[in-house]
Amino acid sequence: MMTLSNKFVADVNLSQTTSGLAGEYIAAASVLARGWRVALAQQDAVDLVAWHPETGDMMRIQVKASQASRQGATHRHRVHFQTGLGGKKRLPTLADFDILAMVSTEQRVVWYLPVTSVNTKKYTRPISFFETPDIESDSWAQAVEIINETNSKSQTVHHNKRRRRHGSDR
């Protein structure tokens with residue numbers, strides 16, 4: 001039986017730049033498959049902008065791509081994602097983007113994580129992790145839900161502060 005862990009669909013000789021670009025297109029296709037619209041953004045921290053045609057929700061997405069075959073013989077069955085930003089590799093925040101899309105380019109599978117849940121500068125996962133059924137749809141739905149809840153709470157706090165500042169909180 002052919003599994004994702006033994007079926008590499010990308011050329012192992014891809015440059016890091018080409019692998020990253022392939023990852024952006026794989027993530028864009030995955031977002032489209034979730035019923036959202038998407039555009040390539042090509043900015044520093046934002047690679048894709050996605051919006052839902054019915055709800056109007058918008059998500060800024062940072063894509064990180066990795067190829068297990070580039071990891072060398074001892075790490076060939078793992079993918080590594082550098083998630084830190086800037087020269088000192090700080091953790092990203094909502095000021096940077098909303099959702100981190102980690103793409104195993106050889107398997108053409110995406111794992112989504114809300115930026116509020118990014119708690120390390122490097123994620124390492126076995127390629128078998130990307131064989132999890134419904135990993136894309138489940139992680140996308142969960143990431144969107146968490147970001148929407150976070151944004152909703154943030155808007156409520158901002159609104160309440162504004163009301164108090166203008167004397168409307170009586």
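Bear in mind that the values in this text are calculations on the coordinates, not laboratory data. For clarity, every value in this text was computed on a predicted model and none was experimentally measured. We place every Cβ from the backbone using ideal geometry, glycine too, and count neighbours over all the protein chains shown.
Which one of 36, 117, 133 is farthest out on the positive end of the charge dipole of the stretch 17-160, using unit charges on Cβ (Lys, Arg +1; Asp, Glu -1) and the Cα centre as origin?
117
For the stretch 106-151, what does the equivalent ellipsoid look like in terms of its semi-axes, each the square root of 5 times an eigenvalue of the Cα gyration tensor, given largest first in whole Å? Mind dumping the intermediate values first?
Values: eigenvalues 85, 41, 9 Å².
Equivalent-ellipsoid dimensions as semi-axes: 21, 14, 7 Å.
Can you classify the stretch 55-137 as rounded, prolate or oblate using the Cα gyration tensor, where a ≥ b ≥ c are the square roots of its eigenvalues, rounded means a/c under 1.5, and otherwise it's prolate if a/b beats b/c and oblate if not?
It is oblate, given that a/c is not under 1.5 and a/b is not larger than b/c.
May I ask which of 64/89; 121/153; 64/121; 88/153 have a Cα-Cα span longer than 23 Å here?
121/153; 88/153
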